[in-house]
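**Student:** This is the structure, below, for whatever I ask next.
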Amino acid sequence: MGRALLGCWVVLLAACGASRAASAERTSLSPPDHLQAAQYSAAVDRYQRACDGGSAQACGYLGFMYDNGRGVAQDVGLAVTLSEQACADGGAYGCAYLGYLHQTGRGVAQDPTRAAALFRKACEGEDPAGCLLLGIMYKTGSGVRQDAEYAVQLFRKACDEGEGLGCASLGYMYANGEGVDPDRSRAQELFRSACASGDTIGCQAAAQIERRQRVP
């Protein structure tokens, strides 16, 4: 489970984003995380029109599409520009994605401290992935002072806002007594909740708890 949290960086907003209800409601656009391939081109058109019309969230969504080459030719530089524009204009999704780019050094200089600040801004803007990924940084001490108790708070916020991996991450903390008193029953509840949302890590961890195995 600890390795899975670290691996979340490489699939940010593609696998970690189980829920974007708040963002979608603000823009009346479906977020890009779980689009099917046949939907990419039409989604890019919608995001481009909305971005041109002043939707910060749509610009962030469009940045995701350019970074991953979905419905458009891959252009990491443009993805950075769109994410910066989205975040500057108040788009929480764009802040979270820009944080990912800085955390991984993709199209920009690698800067964990800058990434943490961007994830914080995204979290404050009600983007659950921002809360989740800021929590991972506090858990691991990447770009911030390590603080397991604060990581628990952030994972709880992400979980409460519908982020499946946030629930799984919170379950991990309960299972291993990091930042909270150990409580395997509570951990199992959280793993099952994550699994029900479609998070495979939660499903795997729930099975390990059932077998009375340690959740690594």
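**Student:** Within the range 190-216, take every residue that is closer than 22 Å to Glu149 by Cα and in contact with a Lys or Arg (Cβ under 8 Å, 6 or more places away or on another chain) and give me the one that is surrounded by the fewest Cβ atoms within 10 Å (Cβ to Cβ).
**Tutor:** Pro216
**Student:** Would you be able to say whether some residue in the range 193-214 is out of contact with any helix residue (DSSP H, G or I) (no Cβ under 9 Å at 6 or more places or on another chain) and at pLDDT 95 or above?
**Tutor:** no
**Student:** List the helices (runs of 4 or more DSSP H) inside the range 124-191, counting only whole elements, that have at least 1 residues being hydroxyl-bearing (Ser, Thr, Tyr), over 30 Å from Ala58 (Cβ atoms) and touching a residue at least 60 places away in the same chain (Cβ under 8 Å). Before the answer, list the steps.
**Tutor:** Working: elements: 128-140, 148-160, 164-176.
Counting at least 1 such residues, we get 128-140, 164-176.
**Student:** Hey, does the range 166-189 have a residue that's more than 22 Å from Arg214 (Cβ to Cβ), in the same structural domain as Ile209 (by TED's automatic domain parsing) and buried (at least 16 other Cβ atoms within 10 Å of the Cβ)? Give the derivation first.
**Tutor:** Going residue by residue through the range 166-189, those that are more than 22 Å from Arg214 (Cβ to Cβ) are none.
No, the conditions are met nowhere in the range 166-189.
**Student:** What pairs come up if the first residue lies in the range 33-54 and is farther than 21 Å from Thr81 by Cβ, the second is among the small types (Gly, Ala, Ser) and outside any loop (DSSP other than H, G, I, E, B), and their beta carbons are under 7 Å apart, counting only those six or more places apart or on different chains?
**Tutor:** So the pair list comes out as Leu35/Ala43.
**Student:** Look at the range 63-96 and say how many of its residues are outside any helix (DSSP H, G or I) and without any contact (Cβ under 8 Å) to a residue 24 or more places away in the chain. Full working, then the answer.
**Tutor:** Just the residues of the range 63-96 that are outside any helix (DSSP H, G or I), to begin with: 69-75, 89-91.
Now restrict to residues that are without any contact (Cβ under 8 Å) to a residue 24 or more places away in the chain: 69, 73-75.
Number of matching residues: 4.
The values are calculated or read from the model by the stated rules, or taken from the named source; none is laboratory data. On a predicted model such as this, the values are computed, not experimentally measured, just so you know. Note that each Cβ is placed from the backbone with ideal geometry, even for glycine, and that neighbours are counted across all protein chains shown.
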